[in-house]
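Written out below as structure tokens is the structure these notes cover.
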Amino acid sequence: MKKVLIIGGGIAGLTLALSLKKLGIPVVVHEKYDHYQNQQTGFLIWSYAIKILQDLGIPVDEVGAPLESFQIHGRKGRFVCEMPIGSVSRLHGANSYEINRYRLSELLSRMVGDDLILGSECISVSSLEEKAIVTFADGSSDQGDILIACDGSNSVVRMFIHPGVQLRMLGSGGWISVINQRPPLLPLNTQMEFWQPGVKAGVADLGHGETRWYVAFKNYIPSAVESKKDQIFNRMKPLPEMIKSCLECTDEDQMVPTQAGDLLALSPWYRDRVLMIGDAAHATSPYAGMGACSAIADASFLADLIGSGRSIPAIFQDFQAVRKHAADSVIKESRRGLD
């Protein structure tokens, strides 16, 4: 394998690039934006995916904090249960981490270095007998032995494999944000969730004096004209004191809207010399908290297959055969989370 083209400089694309570079396989990552992802959000990455990042030499402590305890609170804010995430995670070889997405993206981008090209927007791909070719918005092109689509849930590359396929939107949405302080009621290394009929909210310690919070509604899409905070105040009653304190520390322009959509059972994930991974192949709604973990696992497994020296058809077939069942399970679980 002389050159692997990667379309998309998100978590999947950057992890794949680092995994391939570790094996000595040349890569080029094309990212359409001319800057690092700049929305301040966060996510939970479970121990198996953290171990992959750590094995690549990624200093995850710089971009997040280990999660020790996960607490669930019921309709009236009453404590329901606590899960010892830290001790269970370490039994599987690594801590689970609450991660600042922006900081992780910036860190991975720096590590990939000159093999990441920003402002390189893919508009189409094609495949010849021995090459995969990508064309960019400025009229230029690039080619490689294979092309891996890591360009997310609204993938451009997907049109080459499945023309006309779009996300199935689930009619639900909310907001997520990161604030530069930790509420006094939030213990260190803890995530707290608050469940009410039709709504789920949470707050998590990201370390480094930062906190992420989120509110997700069933059967409601955030309005672009109504005050974001008013939409939460009017639809989450009673409003947990923890969520209220986070809202008081958040400017509305820091609140990133989310909508639930997915790609359950899409197949195949490849055509000729082009393969999709991560959200491009199996987008899931954010309510299972597994999108980033699945992308990291995809990238690691695919790099191992590419490094094995097998034929390209065998690599692509084996990748889908192993990863599809897990991906579909995550999507189904996320849908159940909206029930």
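The values are calculated or read from the model by the stated rules, or taken from the named source; none is laboratory data. These figures come from a predicted structure and were not determined experimentally. Reconstructed Cβ throughout: ideal geometry from the backbone, glycine too, with neighbour counts over all protein chains shown. The area values use the complete protein model at the heavy-atom level, side chains included, leaving out ligands, DNA and RNA. Shrake-Rupley method; radii C 1.70, N 1.55, O 1.52, S 1.80 Å.
Scan segment 251-285 for residues that are open to solvent by less than 50 Å² (accessible area, probe 1.4 Å) and not in a loop (DSSP other than H, G, I, E, B) and jot them down.
256, 258, 260, 261, 262, 274, 275, 276, 280, 281, 282
When you check residue 163 against the structure, is it free of Cβ contacts under 8 Å to residues at least 12 places away in the same chain and of a type outside the set (D, E, K, R), yes or no?
Numbers: free of Cβ contacts under 8 Å to residues at least 12 places away in the same chain: yes; of a type outside the set (D, E, K, R): yes.
When the stated conditions are applied, residue 163 passes them.
Please pick out the residue among 149, 137 that is open to solvent by less than 60 Å² (accessible area, probe 1.4 Å), under 18 Å from residue 28 (Cβ atoms), touching a strand residue (DSSP E or B) at 6+ places or on another chain (Cβ under 9 Å) and not acidic (Asp, Glu).
One residue alone meets the criteria, 149.
What is the residue count in segment 174-193 for residues that are more than 12 Å from residue 246 (Cα to Cα) and either open to solvent by 10 Å² or more (accessible area, probe 1.4 Å) or outside any strand (DSSP E or B) (or both)?
5
Every residue in segment 12-49 that is closer than 26 Å to residue 213 by Cα, open to solvent by 20 Å² or more (accessible area, probe 1.4 Å) and assigned to a helix (DSSP H, G or I), please.
48
Scanning for something part of a helix (DSSP H, G or I) and among the basic types (Lys, Arg), does segment 310-320 turn up at least one residue?
Within segment 310-320, none of the residues are part of a helix (DSSP H, G or I) and among the basic types (Lys, Arg).
For residue 139, are the conditions met, namely being at positive phi and among the small types (Gly, Ala, Ser)?
Yes: the conditions hold for residue 139.
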